[in-house]
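The block underneath contains the structure these notes are about, expressed in structure tokens.
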Amino acid sequence: MARKNRAWYPGAIYHVMNRGNRKALIFKEKGDYQHFLEQVRDPWLAAWIAGTLYAATDELHQLFVEGRSCEFRDVCIDSAGVVLGITIAAIANAIRSRKRSDRKGTIC
């Protein structure tokens, strides 16, 4: 049973993946993909902010758990982990992009 379509309106923020089921493209035209990229603007900064906010809320909830404490140091450590993950993802993305551009230049 398929789920109901969600309401769409201009200016809303939606969770979007780059591919659909079975690796099907979800962007019908190149302009759609460009619009998506313009909306994301800086995904690395957004990932760091989201990861750091998650770490802060995780520490905050520990105030209410007996035997645990809320430590700013732990938020900083978790935030550094987010930066490390982003760095690894950016390096992998750069390597993948380079390999794609190298393949486009070869004639088979």
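Each value in this text was obtained by applying a stated rule to the coordinates, not by laboratory testing. Since the model is a prediction, treat every value here as computed from it, not as a measurement. Reconstructed Cβ throughout: ideal geometry from the backbone, glycine too, with neighbour counts over all protein chains shown.
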* To do: Could you state the orientation-averaged shadow area of the convex hull built on the Cα atoms of segment 42-105, in nm² to one decimal?
  => 5.0 nm²
* Structure fact -> Quick note on SER79, SER97, ordering by fewest other C-beta atoms within 10 Å, gives SER97, SER79
* Asked: Assuming R0 = 25 Å, what is the FRET efficiency of LEU84 and HIS61, from their Cβ-Cβ distance, to the nearest 0.05?
  -> 0.60
* Asked: Toward the positive end of the charge dipole of segment 42-105, about the Cα centre and with charges on Cβ (Lys, Arg +1; Asp, Glu -1), which of TRP48, GLY85, SER97 goes farthest?
  -> SER97
